[in-house]
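The block underneath contains the structure these notes are about, expressed in structure tokens.
The values are calculated or read from the model by the stated rules, or taken from the named source; none is laboratory data. These numbers come from a predicted model, not from an experiment. We place every Cβ from the backbone using ideal geometry, glycine too, and count neighbours over all the protein chains shown. Ligands, DNA and RNA are excluded from the accessible area calculation, which covers all protein heavy atoms including side chains. Shrake-Rupley method; radii C 1.70, N 1.55, O 1.52, S 1.80 Å.
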Amino acid sequence: MNFKFFSILLLSVSFCFAQESTELKKYTLDASQFYGSIILHNPDISHLITSHPSGVILSYNRKTYGAEEWEELYNYPDLGYSFIYQNGNNGTLGDNYGLYAHYNFYFFKRNVQFRVGQGVSYASNPYDKETNFRNNAYGSDILSSTYLMFNYHKENIFKGLGFKAGASIIHYSNANFRAPNTSTNTLAFNAGFVYDLDGGKEIEYVHREKEKVTEPLRYNFVLRTGINESDVINSGQYGFVVLSAYADKRVGRKSAIQLGTDVYFSNFLKELIRYQSIAFPENDVAADDDYKRVGVFMGHELFINSMSVISQFGYYVYYPFDFEGRTYLRVGLKRYFGDKLYGAVTLKSHGAKAEAVEFGIGIRL
């Protein structure tokens with residue numbers, strides 16, 4: 001499916017390692033092999049599920065110990081980079097090579113690790129209307145990729161060497177940047193080793209008194225833009241603009257609740273409306289139907305450090321042309337630059353069907 005937890009090229013190097021300090025640092029390496037299956041999330045890719053993909057996940061991690069207040073709040077996560085090679089074992093799909101930035105979160109006395117990684121992947125054999133027309137999963141060779149890992153994780157069993165095993169989901173999609181974009185999701189089992197570069201040396205965690213965070217009602221204004229294409233192959237890529245305004249109210253150190261509105265100027269719909277008015281007259285679509293949409297939404301913002309995770313659920317109140325239904329989702333990341341200004345990268349979708357990756361700038365007053 002095209003739904004992503006962090007949709008979308010935003011866990012970048014600067015985001016993960018923006019927090020520089022004089023703290024003692026500790027680094028680990030880990031390597032896991034995986035073997036799994038592509039999930040049949042859409043019947044249109046059934047012809048591509050002919051074998052079991054396999055590959056390796058290589059990672060470099062920096063551990064945190066509470067030098068920043070948010071580190072203790074989230075139980076001292078790791079920040080890191082990772083590389084994934086996936087052999088599709090399918091000549092039509094080809095192989096994938098991905099680079100990611102990731103977070104590792106820990107639970108149950110740090111024996112259970114949850115990782116979320118976001119990055120870009122290169123697909124070795126994307127769709128081509130002449131040479132590879134059966135690959136309707138990847139419409140481009142550069143894809144956005146998200147992966148999740150849920151592992152039993154035990155470090156420093158013997159002289160810095162540890163073990164990890166669990167399950168992973170790896171998602172590849174170009175988020176409708178270019179058609180086709182049916183995407184794939186690989187569910188895999190993984191196992192491997194983790195090595196502490198300091199040989200298992202222990203560093204004490206920092207604990208501090210927790211401070212209560214309160215804020216008045218805040219107002220956000222966001223300009224989002226990007227490029228996308230309809231599901232009609234070769235219909236063309238078009239720019240879009242989204243204007244958003246919303247209020248948010250902080251409800252603790254981690255969370256804020258949002259309520260607002262979006263106005264969409266999606267130029268790909270102009271071409272889709274024109275195409276349908278000619279190709280499918282039985283749909284009663286007129287070439288001059290309005291392509292604009294207006295939605296209202298409720299959302300949640302999860303504050304981490306200078307980053308936050310947003311998730312929103314919306315409903316179109318102005319919807320002259322029927323495209324994928326009246327409800328929509330937005331998920332992604334914000335990066336604050338000071339107290340007011342921020343950048344955002346988000347994925348806008350209708351259920352499991354992506355519409356676009358949105359690059360935005362905003363102000364929170």
Take each of the peptides 350-362, 137-149, 212-224, 24-36, average the number of other beta-carbon atoms within 10 Å over its residues, and list them starting from the highest.
137-149, 350-362, 24-36, 212-224
Label-point gap, in nm, between V213 and N305 - each point 7 angstrom along Cα→Cβ:
1.4
Can you give the Rg to Rh ratio for region 45-113, taking only C-alpha atoms and Rh from Kirkwood?
1.18
Can you put T346, T50 in order of accessible area, largest first, using a 1.4 Å probe?
T50, T346
Label point distance in nm, T327-S235, each placed 7 Å from Cα along Cα→Cβ:
2.3
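In whole angstrom, how long is each semi-axis of the equivalent ellipsoid of region 12-136, when you take the square root of 5 times every eigenvalue of its Cα gyration tensor and sort them from largest down?
After scaling each eigenvalue by five and taking roots: 36, 15, 12 Å.
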With every protein chain in place, region 158-305: carbon and sulfur % of accessible area (1.4 Å):
62
How long is the gain from L40 to A191 if the chain were fully straight, where each residue apart is worth 0.36 nm and the alpha carbon distance is subtracted?
52.0 nm
With Kirkwood's inverse mean 1/r over C-alpha pairs for Rh, give me the Rg to Rh ratio of the chain, two decimals please.
1.00
Under 14 Å between alpha carbons, and skipping anything fewer than 8 positions from K210 in its own chain: which aspartates and glutamates qualify?
E68, E69, E71, E72
Hey, what angle do you get for helix 267-279 against the long axis of the chain, alpha-carbon based, 0 to 90 degrees rounded to 10?
40
Counting sequence-distant residues (5 or more places) and residues on other chains, those with an amide H built under 5 Å from that of D198 are Y27
Filtered hits (lysines, Cα-Cα < 17 Å from K109, offset >= 8 within chain) -> K63, K154, K164
List the aspartates and glutamates whose alpha-carbon lies under 16 Å from that of K340, not counting same-chain residues fewer than 8 positions away?
E215, D248, E301
Only bridges with both residues in the chain count here: give the DSSP antiparallel percent, nearest 5.
100
Taking every pair of Cα atoms in region 117-245, average 1/r, invert it to obtain the Kirkwood radius, and report Rg/Rh to two decimals.
1.16
Region 26-86, accessible surface, carbon-and-sulfur percent (1.4 angstrom probe):
60
Per residue of the chain, what 222 nm ellipticity follows from adding -39500 (n - 2.57) for every DSSP H run with n ≥ 4, rounded to the nearest 500?
-1500 deg cm²/dmol
Estimated dipole of the chain in Debye, rounded to 20 [Cβ of Lys and Arg +1, of Asp and Glu -1, Cα centre]
860
Quick one: dipole size for region 78-133, taken about the Cα centre, charges +1 on Lys/Arg Cβ and -1 on Asp/Glu Cβ, in debye to the nearest 20.
400
Here, E202 and L99, labelled 7 Å along Cα→Cβ, have an inter-label distance in nm of 3.8
Amide H of Y76: which non-local residues (sequence gap of 5 or more, or other chain) have their own amide H closer than 5 Å, using H built in the peptide plane?
none
How many Å² of accessible area per residue for the chain, probe 1.4 Å?
45
Can you send over the solvent-accessible area of V263, 1.4 Å probe, protein chains only, in Å² to the nearest 10?
40
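Which length gain, in nm to one decimal place, applies between F114 and H47 when the Cα-Cα distance is subtracted from 0.36 nm times their residue separation?
Full extension of this stretch gives 20.9 nm more.
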Surface accessible to a 1.4 Å probe, Y85 within the full protein complex, Å²:
60
Please list, by residue number, everything in region 294-313 whose backbone N is under 17 Å from a paramagnetic label point 7 Å out along Cα→Cβ of K249.
297-302
